[in-house]
Structure formats: structure tokens, C-alpha cells
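Notes follow once the structure below has been shown.
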Amino acid sequence: MKRNDLSPSHGPGTNARTADCQIADLSKVLVVGRSPINRVVVAKIVERSGLKTISEAPDTAASVLRKLAPGTIILDGGSDNRDCDALMPSIMSLRLASGSNLPSVILLSNRAGTPESLSLPSAVDIVVAKPITPERLQPIVEKLIGRG
């Protein structure tokens, strides 16, 4: 999939209009995972960057995703990196509709590697190995939001 990076003027608090007139809100991050504790920890780290977070379990995230149109999604892959696989078609649908790489997707994994080396779905942009710390996750989130 070809990447169409955001222009340099896009940053936290800005929006990118998708092809179907939805707005990808770059100031919002959807945090998805089975563990409520992990979702809270990740949300607190993301909020340090001045972003708004919404936390959801994998089974409720699909309905929130379309309504929210976040600029970034952080998925907790669980023990086998597959806890959020059911969300991948919805993410790919949003990307196709926008004609871009929005929303950006970060996968929290028990293993280090790249999306390719871990045989992950193409929707995953970056893998962050657990344990998740502010020093590890926050710069990646800020880079995705400010890239271009």
C-alpha cells in the first residue's frame, strides 16, 4: 500500500478530510485492548502529548471507530498479537475511503520486530514491544501525529 503522508502543517488538533467527507481527527487516539488496566496506562501516556483518548475493548471498538474517526489507533495485541484482528477490516475500510494512511496504527506486542517480521496485517504501521513505558511509546505517537 502506498503511503500518502500528511503535509507538515498537520499536527495535534488538526483534521484531515477523508474521501467520504469523514474527518480524521488527528487529536484523537483510539486505544483498544482486552485489559482495562493496559488501556488506562496507554491512554495516560498518550494524553501526555496533549491528545484526546477513547479506550475500548476489541468487541466494541468497531462501532466507535467509524463514529470517532481517530487519527491514530493503538491496539494491544495480547499474548499472540491477534486480540484486535477483527478490527482490521474496519481500519482498512477507513484508509481506503480516505485515500491515505489514516488512521495510523500502532500495535503493542509481546515480541519486538516489524509488522512484516511478525506477519501482522498490513494495517499495522509500527510495533512497540511491551512493557509499554512513556519513554518508548510517547515519541512514537508524537512522530506519527507530526509526520510529513
Query raised in the report: In square angstrom, what is the accessible area per residue of the range 47-148 with a 1.4 angstrom probe?
Result: 43 Å²
**Report entry** Contact order relative to length of the range 23-144, as percent, for alpha carbon pairs under 8 angstrom and 6 or more apart
**Finding:** 25 percent
Query - For the range 88-146, alpha-carbon Rg and Dmax in angstrom - result: 12.1, 34
Query raised in the report: What's the percent breakdown of Cα-Cα distances in the range 23-144 across 5 Å bins, shortest bin first?
Result: 2, 12, 26, 27, 22, 10, 1
Report summary line: Length gained if S35 through L96 is fully extended, taking 0.36 nm per residue and subtracting the Cα-Cα distance, is 19.0 nm
Report summary line: In the neighbourhood of P58 defined by beta carbon distances under 9 Å, the net charge of the other residues (Lys, Arg +1; Asp, Glu -1) is -4
Query raised in the report: Round to a whole number: what % of the accessible area of the range 23-144 belongs to carbon and sulfur, probe 1.4 Å?
Result: 56 percent
Query - Additional length obtainable on full extension of the chain from K52 to I126, 0.36 nm per residue less Cα span - result: 24.6 nm
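The values are calculated or read from the model by the stated rules, or taken from the named source; none is laboratory data. Predicted model only: the values in this text are computed from it and were never measured. As a convention, Cβ positions derive from the backbone with ideal geometry for all residues, glycine included, and neighbour counts pool all protein chains shown. Only protein heavy atoms, including side chains, enter the accessible area calculation; ligands, DNA and RNA are left aside. Shrake-Rupley method; radii C 1.70, N 1.55, O 1.52, S 1.80 Å.
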